[in-house]
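Report on one structure; see the data block that follows.
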Amino acid sequence: MATQHFKLAVFAWLPDKPEGRFVPAGLLNLSETVGANVRSRELTSRFAYGLGYLNRPTSFEVDPVSLGLADKEAVRGQELFPVNGLDEFGGIRDAAPDAWGRRVIEARRKVPANTLSEAEYLLEAGGDRVGALDVRPDIRSPDSPSASDMHSLTYVLQAAEAVEQGVPVPANLEAFLGAGPSAGGARPKASVRDEQGALWLAKFPAKGDTFDVARAESCTLELARRCGLTVPEVRYLLVGNKPVMLIRRFDRYWAAPGELPTENTALHDTRPGAALVEGRLPLVSGLTLVACSEFESRTKGYHDLAQAIRRYVHPPLIKANCEELFARLVFNIFVSNDDDHLRNHAFVRDPRLDGWVLSPLYDVVPRPGVAYERMLHLEVGERGKLATLDNALSYFSAFVSARARAVDIIRRVWGEVREWKTTFANHGADDKLLAQVEGAFRELEHIASPMLVNEVRHGA
C-alpha cells in the first residue's frame with residue numbers, strides 16, 4: 001500500500017469587485033492510501049481557512065456543515081476535519097467531478113478508469129464546475145479552463161460519444177473534452193455557453209436509452225413547473241439528429257457590476273445583457289447538508305433533507321423550502337422518478353440573503369414500470385421507500401405543521417400531473433414517446449388509499 005500527500009489551494013468566487021473574482025479561501029491537505037486494488041482507497045482530509053479570506057466581509061463557508069463560519073475567530077488559524085468521521089469535506093466534494101466527469105478526465109489523460117488520485121480529479125474538474133469554488137495546485141495558479149460555446153456542441157457531443165463507447169477520442173476532438181468534467185452524474189453531459197454567454201448544462205443520449213430521455217426530461221420539468229415547483233429554463237434541440245436537453249445552470253446569475261438583482265427576481269432566471277456580468281452562487285448537495293457518505297446515503301430520507309433545511313436554510317425561507325421539498329416528493333411519486341438520491345437535491349447560497357436556500361429542481365426523469373408497488377431512492381415515510389402518498393403523509397410533520405396543508409399540496413400536484421399527456425404534447429412529445437413513458441405515471445387510486453383518494457378529490 002502506498003500513501004500520497006497533496007496540498008491544494010481552494011479558491012472561492014466573491015463579488016467584492018465589480019466583476020467578481022476568485023480569491024484563495026484556504027489550503028486543503030489530502031492523504032490518499034491506495035491498496036492493491038485501485039478501488040480500495042482510504043482518504044483523509046484537513047482544511048485551514050486563509051487569514052485574509054476570513055477578514056473579507058463577503059467570505060462564505062466552503063462547507064456549511066464541517067467548515068461553518070458563524071464564529072470566524074473560532075476557526076482562525078485552526079486545521080479543521082470533516083464531521084461524522086467522513087473522509088472528505090462535502091462542500092469540496094461537490095466541486096469535484098462525478099462519474100461522468102471522471103470518465104472524461106480519464107479519457108483526456110488516456111488512463112484506465114479510477115486510476116487517478118482524488119486530488120487529480122479535483123484539479124481537473126474545470127473552471128465551470130458547479131458552485132463558486134475552484135481547486136488549484138497553489139495560490140498562484142491561474143483560472144481553470146472553462147466551457148465550450150453552443151456553436152461547438154456538435155463536436156462536444158462527438159467527443160462525449162467516444163468517451164461513453166470507451167474508444168480513443170480523435171485528436172481533433174480532444175479540445176472539446178474540457179467542457180465535460182464540470183458536470184456531475186453518470187450520463188453524458190457538458191457545460192456550454194449560448195450566444196449571449198449564459199451557461200447551460202447539455203445532456204446527451206446514453207447507450208441503452210429506450211426512449212428519447214432528453215424530450216421526456218424536458219417535458220417532465222415543464223410539468224413540474226406547472227405544479228408550482230421551482231424549475232430552471234430548459235430547452236430541447238437536435239444536434240446531428242441526436243436529441244439534447246439544455247438546462248440553465250442555476251448556480252450562475254447576471255447583474256450590473258457590483259450590484260445584485262432585486263429580491264423578487266429569481267437568480268436562475270436572470271439573463272446576460274449589456275453591461276451585465278456573471279456571478280457565481282456557492283452550491284452544496286443534499287449529501288453535504290445531511291452530512292453522510294455515499295454509502296450511508298441509501299439509508300436517508302426526505303425527512304433528513306427537511307431537517308437539514310431547518311438547520312441550514314435562511315430562516316425566513318425554511319417554511320417555503322420545506323413545503324417545496326414535500327411537493328417534490330409527491331411529484332416524484334406520481335412520475336416514478338426513483339433517481340432522487342441526495343446528490344440530486346442541492347442548495348445554493350443567495351448573496352442577497354447571506355444564507356442557503358433550496359436550489360431549483362433538476363434531474364427528474366420518469367421511469368416506466370409495471371410493478372404495482374414502486375420505490376424511491378430516498379425514504380418516503382414510515383413504510384420506508386414505498387412510493388405511496390399515504391406513506392409520504394405519515395411523515396407530514398417533517399415538512400408542514402398541519403396534515404391538511406400536506407393534502408393541499410398533494411391535491412395541487414395531482415391536479416396538474418393527471419393532465420401530463422397534454423403538457424407533454426404541448427412541449428413536443430409525440431404519440432410514440434407518450435406510449436413509451438405512460439407506465440411511469442401513476443393514477444391517484446394506485447398510490448393512495450380509498451380514504452385519501454376521496455380526501456384529495458373532494459376535500460376533508
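Going by the conditions given, is ALA70 assigned to a loop (DSSP other than H, G, I, E, B), surrounded by fewer than 12 Cβ atoms within 10 Å (Cβ to Cβ) and either modelled with pLDDT of 95 or more or of a type in the set (Gly, Ala, Ser) (or both)? Don't jump to the end; show me each part of the working.
Details: assigned to a loop (DSSP other than H, G, I, E, B): yes; surrounded by fewer than 12 Cβ atoms within 10 Å (Cβ to Cβ): yes; either modelled with pLDDT of 95 or more or of a type in the set (Gly, Ala, Ser) (or both): yes.
Criteria met by ALA70.
Could you list, in sequence order, the residues of region 222-246 that are more than 16 Å from ALA266 (Cβ to Cβ), part of a strand (DSSP E or B) and without any contact (Cβ under 8 Å) to a residue 24 or more places away in the chain?
LEU237, LEU238
Could you check region 248-270 and list, in sequence order, the residues that are surrounded by fewer than 23 Cβ atoms within 10 Å (Cβ to Cβ) and farther than 17 Å from GLY20 by Cα?
Passing the criteria: ARG248, THR262, GLU263, ASN264, THR265, ALA266, HIS268, ASP269.
Say we look at region 276-295 and pick out the residues that are at pLDDT below 95 and assigned to a helix (DSSP H, G or I); which of these is surrounded by the fewest Cβ atoms within 10 Å (Cβ to Cβ)?
Only one residue tops the list, namely PHE295.
Just to verify a result, which residue in region 16-31, among those that are in contact with a Gly (Cβ under 6 Å, 6 or more places away or on another chain) and more than 16 Å from ASN55 (Cβ to Cβ), is surrounded by the most Cβ atoms within 10 Å (Cβ to Cβ)?
Among those that are in contact with a Gly (Cβ under 6 Å, 6 or more places away or on another chain) and more than 16 Å from ASN55 (Cβ to Cβ), it is GLY20.
Going by the structure shown, is ALA190 modelled with pLDDT of 95 or more, more than 27 Å from ILE410 (Cβ to Cβ) and crowded, with 22+ Cβ neighbours inside 10 Å?
Working: modelled with pLDDT of 95 or more: no; more than 27 Å from ILE410 (Cβ to Cβ): yes; crowded, with 22+ Cβ neighbours inside 10 Å: yes.
So ALA190 does not fit the description; no.
Quick check on ASN332: is it in a helix (DSSP H, G or I) and either within 20 Å of VAL65 (Cα to Cα) or of a type outside the set (D, E, K, R) (or both)? Working first, answer last.
Details: in a helix (DSSP H, G or I): yes; either within 20 Å of VAL65 (Cα to Cα) or of a type outside the set (D, E, K, R) (or both): yes.
Spelling it out, ASN332 is indeed in a helix (DSSP H, G or I) and either within 20 Å of VAL65 (Cα to Cα) or of a type outside the set (D, E, K, R) (or both).
Return the only residue of THR265, THR270 being polar (S, T, N, Q), closer than 24 Å to ARG225 by Cβ and in contact with a strand residue (DSSP E or B) (Cβ under 7 Å, 6 or more places away or on another chain). Steps first, answer last, please.
Details: THR265 fails: in contact with a strand residue (DSSP E or B) (Cβ under 7 Å, 6 or more places away or on another chain).
When all the criteria are applied, what remains is THR270.
Applying the selection to region 366-387, what residues are surrounded by 20 or more Cβ atoms within 10 Å (Cβ to Cβ) and not charged (D, E, K, R)?
Step one: of region 366-387, the residues surrounded by 20 or more Cβ atoms within 10 Å (Cβ to Cβ) are 366, 376, 378-381, 387.
Within region 366-387, PRO366, LEU376, LEU378, VAL380, GLY381, ALA387 qualify.
Can you name the residue in region 197-221 that is small (Gly, Ala, Ser), closer than 22 Å to TYR155 by Cα and in contact (Cβ under 8 Å) with a residue 60 or more places away in the chain and, of all such residues, is surrounded by the most Cβ atoms within 10 Å (Cβ to Cβ)?
Of the residues in region 197-221, the ones small (Gly, Ala, Ser) are 197-198, 202, 206, 208, 214, 216, 218.
Among the residues that remain, those that are also closer than 22 Å to TYR155 by Cα are: 197-198, 202, 206, 208, 214.
Those left that are additionally in contact (Cβ under 8 Å) with a residue 60 or more places away in the chain: 197-198.
Details: GLY197: 15, ALA198: 19.
Step by step, filter region 197-221, then rank; the result is ALA198.
Identify all residues within region 239-254 that are hydrophobic (A, V, I, L, M, F, W, C), over 18 Å from ALA346 (Cα atoms) and either modelled with pLDDT under 95 or under 16 Å from the mean Cα position of the chain (by Cα) (or both); write none if there are none. Let's see the steps before the verdict.
Of all residues in region 239-254, those hydrophobic (A, V, I, L, M, F, W, C) come to 239, 244-247, 250, 254.
If we keep only those that are over 18 Å from ALA346 (Cα atoms) too, we end up with 239, 244-246, 254.
Those that are hydrophobic (A, V, I, L, M, F, W, C), over 18 Å from ALA346 (Cα atoms) and either modelled with pLDDT under 95 or under 16 Å from the mean Cα position of the chain (by Cα) (or both): VAL239, MET245, LEU246.
Among the residues of region 355-364, are any under 24 Å from PHE211 (Cα atoms), part of a helix (DSSP H, G or I) and modelled with pLDDT of 95 or more?
No, every residue in region 355-364 fails to be under 24 Å from PHE211 (Cα atoms), part of a helix (DSSP H, G or I) and modelled with pLDDT of 95 or more.
For region 415-438, does any single residue satisfy the condition of being in contact (Cβ under 8 Å) with a residue 24 or more places away in the chain, part of a loop (DSSP other than H, G, I, E, B) and either crowded, with 20+ Cβ neighbours inside 10 Å or touching a Ser or Thr at 6+ places or on another chain (Cβ under 6 Å) (or both)?
Scanning region 415-438, I find at least one residue that is in contact (Cβ under 8 Å) with a residue 24 or more places away in the chain, part of a loop (DSSP other than H, G, I, E, B) and either crowded, with 20+ Cβ neighbours inside 10 Å or touching a Ser or Thr at 6+ places or on another chain (Cβ under 6 Å) (or both), so the answer is yes.
Answer yes or no: is there a residue in region 32-44 that is under 30 Å from PHE204 (Cα atoms) and loosely packed, with under 15 Cβ neighbours inside 10 Å. Write out each step before concluding.
The initial filter retains those residues of region 32-44 that are under 30 Å from PHE204 (Cα atoms), namely 38-39.
Subsequent filtering for residues that are loosely packed, with under 15 Cβ neighbours inside 10 Å retains 38-39.
Yes, region 32-44 contains at least one residue that is under 30 Å from PHE204 (Cα atoms) and loosely packed, with under 15 Cβ neighbours inside 10 Å.
Among the residues of region 131-156, which ones are of a type in the set (Gly, Ala, Ser), within 27 Å of ARG41 (Cβ to Cβ) and either more than 19 Å from the chain's Cα centre (by Cα) or assigned to a helix (DSSP H, G or I) (or both)?
Residues of region 131-156 that are of a type in the set (Gly, Ala, Ser), as a first pass: 131-132, 141, 144, 146-148, 152.
Still in the running and within 27 Å of ARG41 (Cβ to Cβ): 131, 141, 144.
Hits for region 131-156 are SER141, SER144.
Does VAL62 qualify as being in contact (Cβ under 8 Å) with a residue 40 or more places away in the chain, among the aliphatic types (A, V, I, L, M), in contact with a strand residue (DSSP E or B) (Cβ under 9 Å, 6 or more places away or on another chain) and not in a strand (DSSP E or B)? Walk me through how you get there before you give the answer.
Working: in contact (Cβ under 8 Å) with a residue 40 or more places away in the chain: yes; among the aliphatic types (A, V, I, L, M): yes; in contact with a strand residue (DSSP E or B) (Cβ under 9 Å, 6 or more places away or on another chain): yes; not in a strand (DSSP E or B): yes.
So VAL62 passes the test.
Kindly indicate the residue of region 296-308 that is crowded, with 23+ Cβ neighbours inside 10 Å and of a type outside the set (Gly, Ala, Ser) and also farthest from LEU393 (Cα to Cα) among those meeting that condition.
The qualifying residue farthest from LEU393 (Cα to Cα) is LEU305.
Please identify the pairs in which a residue from region 162-175 that is under 18 Å from ARG187 (Cβ atoms) and in contact (Cβ under 8 Å) with a residue 12 or more places away in the chain has its Cβ atom under 6 Å from the Cβ atom of a residue that is surrounded by 15 or more Cβ atoms within 10 Å (Cβ to Cβ) and among the basic types (Lys, Arg), counting only partners at least 6 apart or on another chain.
VAL163/ARG103
Residue-by-condition table, conditions (1) surrounded by fewer than 16 Cβ atoms within 10 Å (Cβ to Cβ); (2) outside any loop (DSSP other than H, G, I, E, B); (3) in contact with a helix residue (DSSP H, G or I) (Cβ under 8 Å, 6 or more places away or on another chain); (4) not small (Gly, Ala, Ser):
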site	(1), (2), (3), (4)
ALA48	no, yes, no, no
ASP87	no, no, no, yes
ALA95	no, no, yes, no
ALA107	no, yes, yes, no
ALA113	yes, no, yes, no
LEU122	no, yes, yes, yes
GLY126	no, no, yes, no
ARG129	no, no, no, yes
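Could you identify the single residue in ASP390, ASP338, ASP354 that is surrounded by fewer than 21 Cβ atoms within 10 Å (Cβ to Cβ) and under 17 Å from the mean Cα position of the chain (by Cα)? Walk me through it before giving the result.
Working: ASP390 fails: under 17 Å from the mean Cα position of the chain (by Cα); ASP354 fails: under 17 Å from the mean Cα position of the chain (by Cα).
Just a single option satisfies the conditions, and that option is ASP338.
The values are calculated or read from the model by the stated rules, or taken from the named source; none is laboratory data. Because the structure is a prediction, the values reported are computed rather than measured. Reconstructed Cβ throughout: ideal geometry from the backbone, glycine too, with neighbour counts over all protein chains shown.
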